[in-house]
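Asks: What follows is a single structure, and I will ask about it in a moment.
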Amino acid sequence: MPASADRPSNLPTAGDPVEVARALIACPSVTPEEGGALTLLEAVLQPLGFSTKRVRFSDEGTPDVDNLVATLGEGAPHLMLAGHTDVVPPGSGALWTHHPFSADIDEGLLYGRGAVDMKGGVAAFVAAVARLRAEGVPTRGSVTLLLTGDEEGPSINGTEKLLAWCHEQGMRFDAALVGEPTNVETLGDMAKIGRRGSLSGTLRIEGRQGHAAYPHRALNPMQAVVAIADALQGTPLDHGSEAFQPTSLQVVSIDTGNMAFNVIPAAAEIRFNVRFSDRWTSASLKDELLSRIESARPEGIEVAVAWEKASESFLTRDAALAERLSAAVQAVTGREPELSTTGGTSDARYIQAYCPVIEFGLVGDTMHQVDERVPLADLEALTEIYRAFIAATLAADAETDEA
């Protein structure tokens, strides 16, 4: 790809994760804005030998989003390193100890929006590959950085479409590592080998409006709200499985839009989210929830359900992939990571349809918070973990092919 006229000046040293992370944090790439982050990465990656392609996707009712595919080498084995450069809004800068996009370092900590989620992880990807290039790796196969600008937003014009685009271009991946923050307290304590499914819905409960002093002339939907909410949450949906925590349904909002004390509302809404184990699919879970709703619905009350787009649970059953990551983590930190499916969703839910995927990144204790920050030592350690994992993955696949 030819050099761009708007290529950033004073580029960070590719093999230094702190320099790369600081340069990325300085880019105000709040979803859906690219903010200069992908332009910066192209400029850093191209001198390492990467071919880069910016891909923009559009969809009705959503903003256009830029994404980046950067590939080094050719053919199999083909390892994907996946992540995102978009960040959540920082809120009021006045609440921050350091400006959210100043990328200040203070007492061994790098401050800024995205330091943990996940510009620090992207910087470690870049630095790890730069160090491997200096060592002459890879000698065969290929590594692709798949970076989206739509992970923190609606996730419509990001990874899901980008993977389909890559497939159409003939790209095939043998394994993937997602750099989301996975560790709970200390770098090396947890990796993700799967994720629970997620299903959200809105119930609209129709009654009949009336005067609060004359309830016999109205039909109060709030009585149905109480009964239906209890039916949804009162009995556990399951008790989990060997790899997954129990399914959890949480009512997140109940609303009537009614501000008057003397009016029985005409309708009410319940919004809920379910994080479900592998004992359910989104289809079977919908059937169960609809059955519970119907059993609790009072006579005369009408209930309509609007479902949001669901994601299914998945579990990566690639022991060799997990073993290589665990070995890299142990070699650098001395810790054996727990292989977990806890937490929320990530773009791994899309990647798992194309190849085995595992997730490992920084400690997530300050992500999305005021004063988001990462220890400089963790950025260095994560880079070395990624360097060891990438080298071992390519070497292991080479040995398998030769055998």
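No value in this document is a laboratory result; all are computed from the given coordinates. Only a predicted model underlies this, so the values are computations on that prediction, with no experimental measurement involved. Counting neighbours? That spans all protein chains shown, and the Cβs are built from the backbone with ideal geometry, glycine included.
Asks: Return the Rg/Rh ratio of region 113-162 with Cα-based radii and a Kirkwood Rh. Present the calculation step by step, with values, prior to reporting the outcome.
Replies: Details: Rg = 13.7 Å, Rh = 12.7 Å.
In region 113-162, Rg relative to Rh is 1.08.
Asks: Ok, one more. Which one, 134, 188, 296, is farthest towards the positive end of the dipole of the chain when Lys and Arg carry +1 and Asp and Glu -1 on their Cβ?
Replies: 296
Asks: If each DSSP helix of 4+ residues adds -39,500 (n - 2.57) and the sum is divided by the residues in the chain, what number results at 222 nm, nearest 500 deg cm²/dmol?
Replies: Calculated at 222 nm, the ellipticity per residue is -9500 deg cm²/dmol.
Asks: Give me the one-decimal nm value for the distance between modelled label points at residue 279 and residue 62, 7 Å along each residue's Cα-to-Cβ direction.
Replies: Those two pseudo-labels are separated by 3.2 nm.
Asks: While we're on this one: Quote to one decimal, in nm, the extra length available between residue 380 and residue 261 on full extension: 0.36 nm per residue of separation minus the C-alpha distance between them. Don't jump to the answer; show the numbers that get you there.
Replies: On the way: separation 119, 0.36 × 119 = 42.84 nm, distance 5.92 nm.
The residue 380-residue 261 span can extend by a further 36.9 nm.
Asks: Highest first, please rank the peptides 88-98, 158-168 by the mean number of other Cβ atoms sitting within 10 Å of their residues.
Replies: In descending order of packing, they fall as 158-168, 88-98.
Asks: What residue among 241, 346, 51 has the largest mean-square fluctuation in a Gaussian network model of the chain, using Cα springs under 10 Å?
Replies: Of the options given, 241 has the highest mean-square fluctuation.
Asks: What does the extension gain come out to for residue 185 and residue 305, with contour length at 0.36 nm per residue minus their alpha carbon separation?
Replies: In short, 39.3 nm is gained.
Asks: Follow-up. If the only charges are +1 at each Lys and Arg Cβ and -1 at each Asp and Glu Cβ, what is the size of the charge dipole of the chain around the Cα centre, to the nearest 20 debye?
Replies: Approximately 640 debye in magnitude.
Asks: Can you grab the distance from the C-alpha centre of region 75-113 to the C-alpha centre of region 340-365, Å, no decimals?
Replies: 18
Asks: Can you tell me the FRET efficiency between residue 135 and residue 51 if r is taken as the Cβ-Cβ distance and R0 is 25 Å, rounded to the nearest 0.05?
Replies: With R0 = 25 Å, the Cβ-Cβ based efficiency is 0.75.
Asks: Additional query: What three numbers, in Å, describe the spread of the alpha carbons of region 197-307 along their principal axes, ordered from the longest?
Replies: Principal-axis extents of the Cα atoms in region 197-307, largest first: 54, 25, 21 Å.
Asks: Still on this structure, please answer the following. For a quick check, take a GNM of the chain with Cα springs below 10 Å and name the residue from 201, 121, 136 with the largest mean-square fluctuation.
Replies: 136
Asks: Would you work out which of 116, 92, 76 lies farthest towards the positive end of the dipole of region 69-141? Charges go on Cβ: Lys and Arg +1, Asp and Glu -1.
Replies: 76
Asks: Could you work out the relative contact order of region 197-307? I mean the mean sequence separation of Cα pairs under 8 Å and 6+ apart, divided by the number of residues, in percent.
Replies: Answer for region 197-307 is 44 percent.
Asks: Please identify the DSSP H helices in the chain that span no less than 20 Å along the helix axis (Cα) and have a mean Kyte-Doolittle hydropathy of 1.6 or more.
Replies: none
Asks: Counting DSSP beta bridges with both partners in the chain, what percentage is antiparallel, nearest 5?
Replies: If I count the DSSP bridges inside the chain, around 70 percent turn out antiparallel.
Asks: Please list 385-396, 203-214, 18-29 highest first by mean number of surrounding beta-carbon atoms within 10 Å per residue.
Replies: 18-29, 385-396, 203-214
Asks: Spin-label point model (7 Å from Cα, Cβ direction): what's the residue 97 to residue 271 distance in nm?
Replies: 3.3
Asks: Which whole number of Å³ per residue matches the convex hull of the alpha-carbon atoms in the chain?
Replies: 165
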